[in-house]
Ligand SMILES: [Zn+2]
């Protein structure tokens with residue numbers, strides 16, 4: 001029996017009071033999910049009331065699909081004006097058609113009536129219980145301009161980028177969308193009259209692939225379908241992960257009495273024992289969005305929009321500062337409780353390099369990919385000294401997931417070609433010591449300055465002078481295999497792919513890499529060995545960044561399909 005009533009026990013009171021689920025954290029939350037309401041509020045809420053009377057109170061009601069009907073109705077007025085009240089805290093998705101857009105005034109979400117809250121166009125909602133709910137309102141639109149009742153590839157990729165690019169990301173508890181994901185029927189039990197190869201949204205499939213929700217609810221097809229749970233990992237290739245249960249719900253009060261209300265209890269995944277979380281039910285199936293257990297076919301399909309949108313993100317950063325925050329839901333200015341955890345996973349403190357963080361010097365950003373971005377180094381050794389940085393918060397390359405590593409390598413290879421065309425070779429180094437957010441320093445050295453071997457010799461000689469032991473690592477070998485997770489290290493990578501590696505035990509000169517490159521043996525700019533002496537005005541930085549972006553454009557793979 002769940003303690004207390006809806007009124008007395010701590011509830012998900014969005015914005016109106018702090019969420020106080022903490023003290024009952026281990027107890028499962030009891031939730032209800034509902035399909036298209038289409039204005040049949042009385043039927044729905046009477047039903048909920050009857051269920052609560054019989055089997056105790058639930059914590060939340062989540063509504064997907066069309067909450068409002070297309071015809072104006074008097075029933076809603078009663079809820080809106082407070083004559084009637086929803087018997088449970090209810091969260092709803094936004095419009096799926098032009099007729100109902102008018103009900104959802106604030107794209108960032110708002111209260112529609114007492115106890116009934118519109119979540120917003122897209123974002124993540126986290127209670128202090130730790131339960132994470134990602135929501136995406138509307139139907140898919142691939143054409144610009146995107147109507148007010150639709151989401152675009154950009155919306156989906158920004159959600160994915162925001163949530164999935166940190167090394168700690170494992171998945172979310174619940175995903176709410178109105179359309180079904182395309183292909184969800186693959187490898188599963190029959191989805192009845194709904195042909196999932198034809199209907200549904202491929203963008204939603206892509207979102208589900210990335211987010212790995214434990215529960216995914218959808219509606220709009222006027223039928224009930226509970227798919228067998230599917231796995232999120234590739235058997236024998238990846239560690240076991242939790243499964244996803246996809247549940248589509250019918251419309252409220254349908255004459256065929258198809259299921260439109262689904263009750264379940266859930267412990268937030270962040271509070272669960274890892275072994276418990278990844279337990280595989282006996283009826284688990286292959287992932288419907290993957291082709292025969294290989295690379296996700298859907299993932300491939302939407303790669304282009306992902307990259308396109310990352311560019312958009314870049315422009316947003318430049319032109320409308322702070323835009324990004326509000327796209328995840330409400331931002332702090334509109335919330336009386338700015339601490340409400342509605343943000344993507346974040347670093348423990350302020351970070352200068354997390355792309356979403358307000359501390360980032362956005363004018364130095366010169367290119368943005370899906371997982372990584374490029375920025376000019378502040379006080380660089382040269383005008384084209386750049387950094388490769390992960391968008392999410394990673395401390396070192398050792399922590400990067402495979403897809404982020406892949407993009408880091410892509411940036412490295414592209415920069416090599418770019419600089420080669422300009423008569424320079426690339427030297428890359430990383431210092432994972434007293435650093436907070438991974439920075440790969442990429443310094444172009446004019447071919448006329450010296451040969452690769454001279455660069456190598458300079459590093460070895462100057463290391464010896466400072467009693468730093470540099471190990472030569474063969475080309476193509478992985479730092480991950482050499483460095484222990486959490487261990488401090490420095491390495492430099494030459495344009496041949498050779499690496500020199502140092503395991504830092506204590507007291508490593510922070511400026512070592514820079515000092516060697518600035519020395520007479522290489523760039524011969526000894527006065528530049530300290531970046532603080534190389535600072536230039538913001539205006540000049542902007543000019544350099546603009547120039548770099550333009551020069552780099554022919555090499556910009558984020559513009560490719
Ligand atoms: Zn960071």
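The values are calculated or read from the model by the stated rules, or taken from the named source; none is laboratory data. Model, not experiment: these values are computed from the prediction. Cβ coordinates were reconstructed from backbone atoms using ideal geometry, including for glycine residues, and neighbour counts include every protein chain displayed.
Structure notes:
- Strands (runs of 3 or more DSSP E) contained entirely in region 106-203, each with at least 2 residues that are under 18 Å from residue 232 (Cβ atoms): 132-136, 172-177
- Picking from residues in region 377-399 that are within 15 Å of the ligand (Cβ to nearest atom) and closer than 30 Å to residue 537 by Cβ, the one that is modelled with the lowest pLDDT is 393.
- Residue in region 478-499 that is free of Cβ contacts under 8 Å to residues at least 40 places away in the same chain, within 22 Å of residue 415 (Cβ to Cβ) and exposed (fewer than 13 other Cβ atoms within 10 Å of the Cβ) present: yes
- Restricting region 340-373 to residues that are at pLDDT 80 or above, in a loop (DSSP other than H, G, I, E, B) and away from the ligand (no atom under 15 Å from the Cβ), the residue that is surrounded by the fewest Cβ atoms within 10 Å (Cβ to Cβ): 370
- Hey, residue 463 more than 23 Å from residue 380 (Cα to Cα) and without any contact (Cβ under 8 Å) to a residue 60 or more places away in the chain or not: no
- Positions within region 232-253 being out of contact with any helix residue (DSSP H, G or I) (no Cβ under 8 Å at 6 or more places or on another chain) and modelled with pLDDT of 95 or more, in sequence order: 243, 245, 247, 248, 249, 250, 251
- Residues satisfying the stated conditions in region 509-520, i.e. touching a strand residue (DSSP E or B) at 6+ places or on another chain (Cβ under 9 Å) and crowded, with 19+ Cβ neighbours inside 10 Å: 512, 513, 514, 516, 517
- Residue list for region 510-535, filter: at pLDDT 90 or above and assigned to a loop (DSSP other than H, G, I, E, B): 511, 519, 520, 521, 522, 523, 524, 525
- Restricting region 424-442 to residues that are part of a loop (DSSP other than H, G, I, E, B) and touching a strand residue (DSSP E or B) at 6+ places or on another chain (Cβ under 6 Å) leaves a set whose member that is nearest to the ligand (Cβ to nearest atom) is 438.
- Take the conditions (1) at pLDDT below 95; (2) away from the ligand (no atom under 16 Å from the Cβ); (3) within 24 Å of the chain's Cα centre (by Cα); residue 449 misses just one of them, which is (3).
- Within region 39-53, the residues that satisfy the criterion of being surrounded by 17 or more Cβ atoms within 10 Å (Cβ to Cβ) and assigned to a helix (DSSP H, G or I) are 41, 44, 45, 47, 48, 51, 52.
- Hey, residue 402 at pLDDT below 85, out of contact with any helix residue (DSSP H, G or I) (no Cβ under 9 Å at 6 or more places or on another chain) and either more than 16 Å from the ligand (Cβ to nearest atom) or under 23 Å from residue 542 (Cα atoms) (or both) or not: yes
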